[in-house]
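These notes concern the structure reproduced below.
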Amino acid sequence: MPTSAPPRTGARDPHHIEARPSLIAAMRQADVAVCTGAGLEAGWLPMLQQRSGNPKVQEGAPGLLLASRQVKLLDPRAPGTPFDGDVHTEGNPHLSLDPRHMLAVARVLSERMQAAEPAKRDALRARLAAWEADWQRRIAQWEQKAAPLRGMKVAGQHTTYAYLWHWLGIEQSADLEPKPGIPPTPGHLQRVLEQVRATPPRAVVVAAYRDPRSAQWLVQQLGGGVTLLQLPGTVTDEAPANTLAGLYDHRVDRLLAAAR
Ligand SMILES: [Zn+2]
């Protein structure tokens, strides 16, 4: 296993990761590479796999773990569906926004790690069991805490948070993007404004790595009572979202603050 982790990616757009030498080096040493899949890494993973020269992390090898194959995707696309100009060619890949999906991914990750390190099998199994118990307890706590968010309306930019809304019963009433991956246009934003003006969302939500100007414009047009929420897309370098559990805590807390 590599001893040095690549830098955290909270500030970077997961659709467009730069294949830096440190990432290539990490891929070269990896026994297991964990990716989202569903085409999210289509623009950069194949190059990393090739440059790594590591047979363990190539397509079809047990060392390549695609999280998207462990869960049911939102907006799934049948294989061979014609390209329609959007970046989610196999369905919505932002599955990590639902913490329940982490259970399925962790189980398979543990299996793959046990296969790579048979001498540590018992210890890896024990760690998985302890983590699962803790994670299930946390999920129950988040669901209880977030109960007031059920039915809350939000507008979003991109379908980044669709799994979070699905989990917590939040309704995204408009998307600032005309299609996933197509940036907001003035004409589309005007239509969104007309669409939500009668029942404005409580928040306009945009991932912290995106340009917030379109979201800021919509918040201004809608007047008071609408919050601009810039949420981390993944784990950040600083607290409170610098651990996986802290990231979900932070999202729930920020949404509850916007709902009040
Ligand atoms: Zn996306």
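The values are calculated or read from the model by the stated rules, or taken from the named source; none is laboratory data. For clarity, every value in this text was computed on a predicted model and none was experimentally measured. With ideal geometry, Cβ positions are generated from the backbone for all residues, glycine too; neighbour counts draw on all protein chains shown. These area figures cover heavy atoms from the full protein model, side chains too; ligands, DNA and RNA do not enter into them. Shrake-Rupley method; radii C 1.70, N 1.55, O 1.52, S 1.80 Å.
List of remarks:
- Complete set of residues in segment 243-260 that are in contact (Cβ under 8 Å) with a residue 40 or more places away in the chain, open to solvent by less than 50 Å² (accessible area, probe 1.4 Å) and not aliphatic (A, V, I, L, M): Y248, R251
- Within segment 12-46, if we keep just the residues that are in contact (Cβ under 8 Å) with a residue 40 or more places away in the chain, touching a Gly at 6+ places or on another chain (Cβ under 9 Å) and more than 16 Å from the ligand (Cβ to nearest atom), the residue that is nearest to N92 (Cα to Cα) turns out to be V32.
Per-residue answers, yes or no, for (1) closer than 27 Å to R260 by Cβ; (2) exposed (fewer than 14 other Cβ atoms within 10 Å of the Cβ); (3) in contact with a strand residue (DSSP E or B) (Cβ under 7 Å, 6 or more places away or on another chain); (4) assigned by TED's automatic domain parsing to the domain that holds P200:
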{"site": "T89", "(1), (2), (3), (4)": "no, no, no, no"}
{"site": "H94", "(1), (2), (3), (4)": "yes, no, no, no"}
{"site": "D98", "(1), (2), (3), (4)": "yes, no, no, no"}
{"site": "S110", "(1), (2), (3), (4)": "no, no, no, no"}
{"site": "P118", "(1), (2), (3), (4)": "no, yes, no, no"}
{"site": "L128", "(1), (2), (3), (4)": "no, no, no, no"}
{"site": "W131", "(1), (2), (3), (4)": "no, no, no, no"}
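- Residues of segment 105-162 classified as in a loop (DSSP other than H, G, I, E, B) and not small (G, A, S), total: 8
- Scanning segment 184-220 for residues that are free of Cβ contacts under 8 Å to residues at least 12 places away in the same chain, of a type outside the set (D, E, K, R) and open to solvent by 60 Å² or more (accessible area, probe 1.4 Å) returns P186, Q190, A198, Q220.
- Cβ-Cβ distances below 6 Å connect the following pairs, each with a first residue in segment 93-104 that is of a type in the set (A, V, I, L, M), a second residue that is part of a loop (DSSP other than H, G, I, E, B), and a separation of six or more residues or different chains: L95/V71; L97/Y161; A104/Q70; A104/V71.
- Number of residues in segment 133-162 that are touching a strand residue (DSSP E or B) at 6+ places or on another chain (Cβ under 9 Å) and of a type outside the set (A, V, I, L, M, F, W, C) equals 8.
- Looking across L128, L95, L66, L74, one residue alone is away from the ligand (no atom under 16 Å from the Cβ) and within 26 Å of T234 (Cα to Cα). It is L128.
- In segment 169-180, of all residues being within 16 Å of T227 (Cβ to Cβ) and in contact (Cβ under 8 Å) with a residue 40 or more places away in the chain, the one that is surrounded by the fewest Cβ atoms within 10 Å (Cβ to Cβ) corresponds to L176.
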